[in-house]
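Just below is one structure, and these are the notes that go with it.
The values are calculated or read from the model by the stated rules, or taken from the named source; none is laboratory data. Everything quoted here is computed from the prediction, not taken from an experiment. We place every Cβ from the backbone using ideal geometry, glycine too, and count neighbours over all the protein chains shown. For accessibility, only protein heavy atoms count, side chains too; no ligands or nucleic acids. Shrake-Rupley method; radii C 1.70, N 1.55, O 1.52, S 1.80 Å.
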There are 6 protein chains.
Amino acid sequence: MIYVTKNITFSASHRLYNPNWTHDKNEEVFDKCNNPNGHGHNYILEVTIEGIPNLETGYVIDLKKLKKIMMENIEKHVDHKHLNYDVPFLKGIIPTVENIAVVFWQQLENKIEDGKLFKIKLYETDSSYVEYFGEPIEIKTFDNL
Amino acid sequence: MIYVTKNITFSASHRLYNPNWTHDKNEEVFDKCNNPNGHGHNYILEVTIEGIPNLETGYVIDLKKLKKIMMENIEKHVDHKHLNYDVPFLKGIIPTVENIAVVFWQQLENKIEDGKLFKIKLYETDSSYVEYFGEPIEIKTFDNL
Amino acid sequence: MIYVTKNITFSASHRLYNPNWTHDKNEEVFDKCNNPNGHGHNYILEVTIEGIPNLETGYVIDLKKLKKIMMENIEKHVDHKHLNYDVPFLKGIIPTVENIAVVFWQQLENKIEDGKLFKIKLYETDSSYVEYFGEPIEIKTFDNL
Amino acid sequence: MIYVTKNITFSASHRLYNPNWTHDKNEEVFDKCNNPNGHGHNYILEVTIEGIPNLETGYVIDLKKLKKIMMENIEKHVDHKHLNYDVPFLKGIIPTVENIAVVFWQQLENKIEDGKLFKIKLYETDSSYVEYFGEPIEIKTFDNL
Amino acid sequence: MIYVTKNITFSASHRLYNPNWTHDKNEEVFDKCNNPNGHGHNYILEVTIEGIPNLETGYVIDLKKLKKIMMENIEKHVDHKHLNYDVPFLKGIIPTVENIAVVFWQQLENKIEDGKLFKIKLYETDSSYVEYFGEPIEIKTFDNL
Amino acid sequence: MIYVTKNITFSASHRLYNPNWTHDKNEEVFDKCNNPNGHGHNYILEVTIEGIPNLETGYVIDLKKLKKIMMENIEKHVDHKHLNYDVPFLKGIIPTVENIAVVFWQQLENKIEDGKLFKIKLYETDSSYVEYFGEPIEIKTFDNL
């Protein structure tokens, strides 16, 4: 197996809070991430595909194609958006970097035709990121978020 | 002269629009930056001080002190905030990276006791930044923003 | 004045040699940069515009527009190209990073409508770059290159 | 086990095409990577060794020695070269980043005396890279490339 | 499982030598790292936690808490210190980046309450780093170091 | 004029204190930088040369030559050293990043044969650096340091 990776960036805003909690509880848990008007980040999304290089091309997957899949299925929906309000596939999810990564996996999983989706790595800042390998994980959807 | 520089980061959201313009005009000029719910960035603020090193310390300015000035006067007001709504000293300003840099200069100019403020450099993304050296520039304050 | 900067990247190959010199002289001066089959780099092009922010937009220049100008006038001509053979506006020039920067200035100078072209910064590697501010400089065009 | 990693950079050019295909087929598949005069990159090669630190040195492998092995066996053969024409151990291989990584593994595998080669990571650009862990993979050698 | 990572930096000095060896043997093995007055680095410490996001917060671990644990248990003990002399928990250890990573694991392992410590990654320079996943490894403590 | 820049890195340790001051005064001013056993950094040294490209080479200065000058006159003296004790040309100077930059200028000024030394930029950490353009500045040499 070889693992090939492409990354893209997008700029978005979000707010972290649990709609079933009191203001004080949200402040205690989410602190400055709970700012009602939100705040934002330049996210970096890295997508890794595992596979065997095609003998006639030497490609596991054409990285130009992979980039196009990432742009069509993720970037155009989230870039310059508010992740709590503007993105249908994130609706009702607390947009932590963990939860976003899980949803991005679901968005991309069936779009990869050459090789297999292996990892989503998502940077929220230069010093904070998550990695997700697609193991089934439950995340909660709030009707009132 | 020697020029010493410190940088810090902060995460914030903003929306670019001119309240005196129609929706269509704002869309045409600001495009995706005009998303009503805003979007965000990890900003990097670089502050450069010019001066002559003190003979007894070898410092133009103690960079720990400079960082503290930047944290007290800028970072604590803008980090994890919405720049259109949450920051008194940015109130009424279209928060382009140009305008923010000018206002940050005004915030910092009189706080530097060793050396002299020389430059504000503000990154909005890894590929976009502005530099401002303090020449008087008019920027507009909108009452209805 | 405020200085706004945008950067883009492109990947290209080149070979450094003077067609009026012997092989030995070229080897002595250009060393491994004279490899006949060429070698290549991921270049980073930074373009800086100086100007005063428009009162109604807060922009010196819309960075989306600046990026488009850089893509149309530079990137599409040089990305994934051999700089000695494939780029009409570089024809006959020894493609050192110095000479390329001067030619890029000529390509961009009249395309900027908001603000004024102030600086071209061109990285050849992470540890090597040039800066050019548009002062008239003679560079040589070789008919036999 | 501990995993120790060293990286080095090199600048090279390459062209991607399959000599058994028509021009049109190559254009369709490899697009701008098929430019006949080639294009180039600043590659970053990361080599990871797994092992247990020696009790008397605290080293899995002396990173100065690892760097020397990388320079002797890889860098001096590929830096400032055209990967299609100038590198005997890449002769006949379509020089995709996947195929290059596999060949680099073969070049380094038997040269590591302390610890064991664990991973080759090869960046072609800041946003594209592959990782290879040495599982046997068939890659094709073309006589007419 | 999801893997969340935070990184911090610290600046420290160290000297590599084995007190049971002759000066010549130390010179031969550790070379310039054996400089008696030491030398130093800006280290980057990355800590990765594995776990499942809490349904009510979307967090595997609050990264602000993780950072605090890293600052309290590592950074405040090693930043602006000499790793051979000033850090009780490193006393007697040859402070290679491998050995430091193992000791940092021991310092952090029981401090993580949400999720589980998965990886320590420690950069000594931009081109050298180690990764450690907590498998039991013997490292030697010298009484005379 | 064109400005060409090369950067190199080195790892060193230092301690900041004024030998004419009391321990308490040094603690107050230099704080953790006054740790008696020192601490260290990965420094990045950028050297910028101004000049006009030679018509026959397209070079202001051959960057391979500039790198060699930087390695011979700076790197080999400071890499893996303690800047207070091990470097003759820094003897008696409080090794702040400002003072080091001034001394580096003196070391390099007469070694540049093509073009003219224009700027020394010295990073102490990723977030702290100084720039020096060679204006005469007095720095103090302490006999008892």
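The mean sequence distance of close C-alpha pairs (under 8 Å, at least 6 residues apart), as a share of the length of chain D, puts its relative contact order at 30 percent. Shielding value for E:122-132 is 6, the average number of Cβ atoms from other chains within 10 Å of each residue's Cβ.
For the range E:95-145, the gyration tensor built on C-alpha atoms gives an oblate shape. Its axis ratio a/c (a ≥ b ≥ c) is at least 1.5, and a/b is not larger than b/c. Taking the Cα centre of the protein assembly as shown as reference, the dipole from Cβ charges on Lys and Arg (+1) and Asp and Glu (-1) amounts to some 0 debye.
Around E:Trp21, what is the net charge, scoring Lys/Arg as +1 and Asp/Glu as -1 over all other residues with Cβ under 10 Å from its Cβ? So the surrounding residues net to -3.
Placing a pseudo-label 7 Å from each Cα along the Cα-to-Cβ vector at C:Phe142 and C:Lys76 gives an inter-label distance of 3.1 nm. Each copy carries a label point for E:Met71 at 7 Å from Cα along the beta-carbon vector; from one copy to the others these points are 0.7, 4.0, 4.0, 4.1, 4.1 nm apart, nearest first.
Neighbours of B:Val130 by Cβ distance under 12 Å: Lys/Arg scored +1, Asp/Glu scored -1, total -2. Percent of C-alpha pairs per 20 Å bin in the protein assembly as shown, short distances first: 13, 46, 38, 3, 0. All other residues whose Cβ lies under 11 angstrom from that of B:Asn84 are scored, Lys and Arg at +1 and Asp and Glu at -1, for a net of +2. Shape call for the range F:71-129 from the C-alpha gyration tensor, a ≥ b ≥ c root eigenvalues: rounded (a/c under 1.5), prolate (a/b greater than b/c) or oblate? Oblate, because a/c is 1.5 or more while a/b does not exceed b/c. A:Asp86 sits with roughly 40 Å² accessible to a 1.4 Å probe, with DNA, RNA and ligands left out of the calculation. Taking 7 Å steps out from each Cα toward its Cβ at F:His23 and F:Leu55 produces label points 6.9 nm apart. Distances between copies at D:Lys116, taken between label points 7 Å from Cα along the C-beta direction, are 2.3, 2.4, 6.1, 6.5, 6.6 nm in increasing order. Of the chymotrypsin sites (Phe, Trp or Tyr not before Pro) in the range D:3-68, not one is in a loop by DSSP (not H, G, I, E or B) with at most 15 other beta carbons within 10 Å.
This model, with +1 at the C-beta of Lys and Arg and -1 at the C-beta of Asp and Glu, gives chain E a dipole about its Cα centre of some 360 debye. Per residue, the convex hull spanned by the Cα atoms of the range F:2-132 measures out at 100 cubic angstrom. For the range C:35-71 versus the range F:1-55, the inter-centroid distance based on Cα atoms is 32 Å. Sequence-ordered 3J(HN,Hα) estimates for the range C:110-122 from the Karplus curve with 6.51, -1.76 and 1.60 and θ = phi - 60° stand at 8, 8, 8, 9, 9, x, 9, 4, 10, 8, 10, 10, 10 Hz, glycine and proline given as x.
With both partners inside the range E:2-132, how many of the DSSP beta bridges are antiparallel, as a percent to the nearest 5?
95 percent
Axis carrying E onto B: which residue of E has the nearest Cβ, and how far, whole Å? Reported as residue, whole Å: E:Thr9, 6. Could you pull out the longest piece of chain D with no exposed loop GluC sites (Glu not before Pro) in it, calling a site exposed if DSSP puts it outside H, G, I, E, B and it has at most 14 other Cβ atoms within 10 Å? Longest site-free region, per DSSP loop and neighbour criteria: D:57-112. Distances, shortest first, from the label point of D:Leu55 to those at the same position in the other copies read 5.1, 5.1, 5.8, 7.2, 8.0 nm; the point lies 7 Å along Cα to C-beta.
Distance between the 7 Å Cα→Cβ label points at B:Lys64 and D:Glu135: 5.2 nm.
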